[in-house]
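S.K.: My questions will all concern the structure given below.
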Amino acid sequence: MVHDIHWEPHGVYKKYLGHVTGEEFLQAVERVNAHPDFESFRYVINDFTECESVDIKAALFDLCVAAALGAQRSNSRFAAAFVAADTAVLDSINAIADSARAEMTVLVFQTLDEARHWADSL
């Protein structure tokens with residue numbers, strides 16, 4: 001498994017490892033969206049700090065963004081954070097964040113502590 005999902009009292013922490021594909025990312029998004037408590041979640045932190053690469057092909061990229069935005073419509077308070085330090089990984093997750101920003105709150109951080117501080121403020 002390339003990701004671990006930790007359910008938290010007010011949100012979700014997803015830790016990605018190694019090489020992340022679009023299929024893996026979409027699977028994680030769908031698991032979060034399907035959680036019975038999704039409507040009470042305030043945040044998701046997508047931690048890519050231990051990723052070697054992120055490779056989401058165009059067709060899956062659109063599905064990932066659409067899945068996140070669709071679920072956000074049922075929980076308008078839901079916001080997303082992405083965390084990465086590697087430049088290439090940051091480029092990939094910035095593309096995802098940029099596509100979703102028009103419809104939901106999405107921020108990109110370089111450290112998990114920054115993302116945690118943001119999530120605690122929601």
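Quick note: the coordinates plus some simple rules give every number you see, no bench work behind them. What you see is a predicted model, and the numbers here were worked out from it, not measured in a lab. In this analysis, Cβ positions are derived from the backbone assuming ideal geometry, glycine residues included, and neighbour counts consider all displayed protein chains.
S.K.: Using the beta-carbon distance between T87 and E39 and R0 = 41 Å, what value does 1/(1 + (r/R0)^6) give for FRET efficiency, to the nearest 0.05?
M.R.: With R0 = 41 Å, the Cβ-Cβ based efficiency is 0.70.
S.K.: How much length would be gained if the chain were fully extended between L17 and E30, taking 0.36 nm per residue of separation minus their Cα-Cα distance, in nm to one decimal?
M.R.: Here the answer is 2.9 nm.
S.K.: At 222 nm, what helix-only mean residue ellipticity would the chain give, in deg cm²/dmol to the nearest 500, using -39500 (n - 2.57) for each DSSP H run of four or more?
M.R.: -14000 deg cm²/dmol
S.K.: For the chain, build the charge dipole from Cβ charges (+1 Lys, Arg; -1 Asp, Glu) around the Cα centre, then report which of I45, N33, I93 sits farthest towards its positive end.
M.R.: Positive-most Cα among the choices belongs to N33.
S.K.: Another question, then. Taking a ≥ b ≥ c as the square roots of the Cα gyration tensor eigenvalues, with a/c under 1.5 meaning rounded and otherwise prolate when a/b beats b/c, else oblate, which class fits the chain? All intermediate terms of the calculation are to be shown ahead of the outcome.
M.R.: On the way: a/c = 1.41, a/b = 1.19, b/c = 1.18.
Rounded shape, in that the Cα axes give a/c under 1.5.
S.K.: If I take every Cα pair under 8 Å that is 6 or more residues apart in the range 26-122, average their sequence separation and divide by the length, what percent do I get for the relative contact order?
M.R.: Numbers: 119 pairs, mean separation 33.4, N = 97.
The normalised contact order for the range 26-122 reaches 34 percent.
S.K.: Sum up the charges of everything whose Cβ sits under 13 Å from the Cβ of L60, counting Lys and Arg as +1 and Asp and Glu as -1, but leave L60 out.
M.R.: Values: positive: K57; negative: E23, E24, E30, D55, D62.
In short, -4.
S.K.: Below 10 angstrom from the Cβ of G22, what's the summed charge of the other residues (Lys, Arg +1; Asp, Glu -1)?
M.R.: Neighbour charge sum, excluding G22 itself: -3.
S.K.: Moving on. For the chain, what is the charge dipole size about the Cα centre, in debye to the nearest 20, if Lys and Arg each add +1 at the Cβ and Asp and Glu each add -1 at the Cβ?
M.R.: Using only the charged Cβ atoms, the result is roughly 380 debye.
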